[in-house]
Amino acid sequence: MKRLFALIIFLAIILTTAPGWAAWTLTPSIVGDQKHRLYWQVVCVSDGAALTATDLVALMDSTLRERVQESTLLVMNVIPGSGSVAPDTTINVILGHSSTLAFYTATGFSYTANTVGNDLSEDYTIYPPVYSALYLTLNDIGAAGDTVTLTFECWIEEEYK
């Protein structure tokens with residue numbers, strides 16, 4: 001009987017804390033690609049909490065990874081979801097070469113309208129190159145399922161091989 005009671009308590013704890021185990025879904029993909037230009041995005045679906053520093057390069061397929069690692073980031077656009085996946089609060093974005101070294105930090109992006117043309121050289125004083133990693137950190141934008149899409153325009157110095 002004690003074992004059954006302990007099992008019931010354990011299952012109750014597991015079932016009430018399981019939603020906290022959810023993780024953000026980050027989906028990077030190419031939007032457009034030309035000789036020296038790359039336009040790519042990452043669709044970010046919230047788990048209802050803040051996104052800790054996460055390496056986007058590690059999530060990319062090999063084609064996108066190769067292109068992004070050859071590039072220099074120029075511009076970022078912030079596109080909040082709409083309808084049932086609209087964020088509930090402003091969006092804060094941190095980009096970095098590591099989980100602790102940010103080269104771009106911006107707060108207060110609209111959660112109801114697109115914010116386009118954000119100059120990624122603003123904090124770094126040059127346009128940041130992408131090395132072996134590109135970390136993204138986001139604040140808690142609202143309920144699980146709320147979405148924001150970040151698009152990036154990049155310059156590629158050498159022609160794609």
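The values are calculated or read from the model by the stated rules, or taken from the named source; none is laboratory data. Bear in mind that the values here come from a model prediction, so they are computed numbers and not experimental data. Please note: Cβ atoms are built from the backbone with ideal geometry, for glycine as well, and neighbour counts cover all protein chains shown.
Considering the stretch 65-78, and only residues there that are surrounded by fewer than 19 Cβ atoms within 10 Å (Cβ to Cβ) and either in contact with a Lys or Arg (Cβ under 7 Å, 6 or more places away or on another chain) or farther than 9 Å from Phe152 by Cβ (or both), the residue that is modelled with the lowest pLDDT turns out to be Glu70.
Here the stretch 42-64 is the region considered, the condition is being farther than 19 Å from Ala23 by Cβ and polar (S, T, N, Q), and the residue that is surrounded by the fewest Cβ atoms within 10 Å (Cβ to Cβ) is Ser62. If you filter the stretch 109-131 down to residues that are polar (S, T, N, Q) and modelled with pLDDT of 95 or more, you find that the one that is nearest to Met76 (Cα to Cα) is Asn118. For the stretch 130-161, the set of residues classified as within 14 Å of Ser71 (Cβ to Cβ), out of contact with any His (no Cβ under 9 Å at 6 or more places or on another chain) and of a type outside the set (D, E, K, R) consists of Thr151, Phe152, Cys154, listed by residue number. The residues in the stretch 122-143 that are closer than 10 Å to Phe103 by Cβ and touching a helix residue (DSSP H, G or I) at 6+ places or on another chain (Cβ under 6 Å) can be counted, and the count is 1. Per the conditions (1) surrounded by fewer than 18 Cβ atoms within 10 Å (Cβ to Cβ); (2) in contact with a Ser or Thr (Cβ under 6 Å, 6 or more places away or on another chain), the sole criterion not satisfied by Ser99 is (2). Just one residue in the set Tyr135, Tyr127, Tyr131 is in contact with a strand residue (DSSP E or B) (Cβ under 9 Å, 6 or more places away or on another chain), surrounded by fewer than 18 Cβ atoms within 10 Å (Cβ to Cβ) and either under 15 Å from Leu56 (Cα atoms) or touching a residue at least 40 places away in the same chain (Cβ under 8 Å) (or both); that residue is Tyr127. Report whether or not Asp140 is surrounded by 16 or more Cβ atoms within 10 Å (Cβ to Cβ) and among the acidic types (Asp, Glu). Judged against the criteria, Asp140 is a match.
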